[in-house]
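What follows is a short report on a single structure.
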Amino acid sequence: MNRLTKRDARIADLFLEDLLTIENNDFLYKNSVYWFFNKNSVSNKKAEIICEKLNVYGAINLKNKEGEYRLNTNFVKDDIITFLKEGGLTDIWLRNNKLNNESITSTWKLWSFWPVFIFGLFGGVYSVRSLFKEIKVNKDTQEKQQDKLENKEITEKAYNTVLENKIDSLKSK
């Protein structure tokens with residue numbers, strides 16, 4: 001697995017800082033590289049992967065004059081200082097991890113948008129339909145109440161008229 005963890009990136013930066021402390025030398029043997037990483041509980045295979053990453057970013061050189069790969073490390077302190085000032089491998093790991101997380105989030109948003117949108121659309125249509133239905137029912141109810149009120153008024157008028165007629169007939173007798 002070629003993916004580095006945040007811990008691996010920090011150890012790589014510590015390795016580079018350790019290289020800066022070496023006096024009068026710009027070369028580190030394979031066993032010394034393994035020793036540094038082993039004291040930080042990193043396997044030899046992982047140490048090679050970390051060194052390859054540092055080689056890719058130009059912090060160290062893992063090739064000899066003939067261009068052959070080896071774990072004996074050549075380094076230029078100015079290159080290491082520049083690399084560490086720019087954030088080192090930890091900063092690169094954070095940027096790559098952030099991009100990876102954003103990619104995963106974007107994919108999730110893409111896949112979840114349409115189902116949620118369609119569900120919301122159905123809910124909106126259902127709500128509007130229910131609203132119109134409720135308005136119609138309320139309108140019918142108001143008409144019925146209006147009819148009842150009119151019938152009550154007519155009944156009261158008729159009752160009052162009958163009552164007045166009886167009173168008039170009683171007075172005239």
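Figures for the structure shown
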{"item": "Helix-only CD estimate at 222 nm, as mean residue ellipticity for the chain, using -39500 (n - 2.57) per DSSP H run (n ≥ 4)", "result": "-27000 deg cm²/dmol"}
{"item": "About the Cα centre, charge dipole magnitude for region 124-170 (Lys/Arg +1, Asp/Glu -1 at Cβ), debye", "result": "380"}
{"item": "Which labelled figure in (1) 10.1; (2) 21.2; (3) 11.7 is mean projected area of the Cα convex hull in nm², once derived from the coordinates", "result": "(2)"}
{"item": "V56-T21 FRET efficiency (beta carbon distance; Förster radius 30 Å; 0.05 resolution)", "result": "0.80"}
{"item": "Cα lying deepest toward the dipole's positive end in region 1-152, options L28, N44, N74, charges on Cβ", "result": "N44"}
{"item": "Non-local Lys pairs in region 112-173, i.e. 8 or more apart or on different chains, that have alpha carbons under 17 Å apart", "result": "6"}
{"item": "Nearest-20 debye value, the chain charge dipole, Cβ charges on Lys, Arg, Asp, Glu", "result": "780"}
{"item": "Additional length obtainable on full extension of the chain from Y126 to E150, 0.36 nm per residue less Cα span", "result": "5.1 nm"}
{"item": "Positive dipole terminus of region 112-173, leading residue within F122, T155, N138 (C-beta point charges)", "result": "T155"}
{"item": "Filter on K46/K109; K53/K98; K6/K30; K30/K77; K53/K109 - keep pairs with C-alpha separation over 27 Å", "result": "K46/K109; K53/K109"}
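Since every read-out is calculated from the coordinates, none of them should be taken as a lab result. All values reported here derive from a predicted model rather than from experimental measurement. Every residue, glycine as well, gets a Cβ built from its backbone with ideal geometry; the counts of neighbours run over all protein chains shown.
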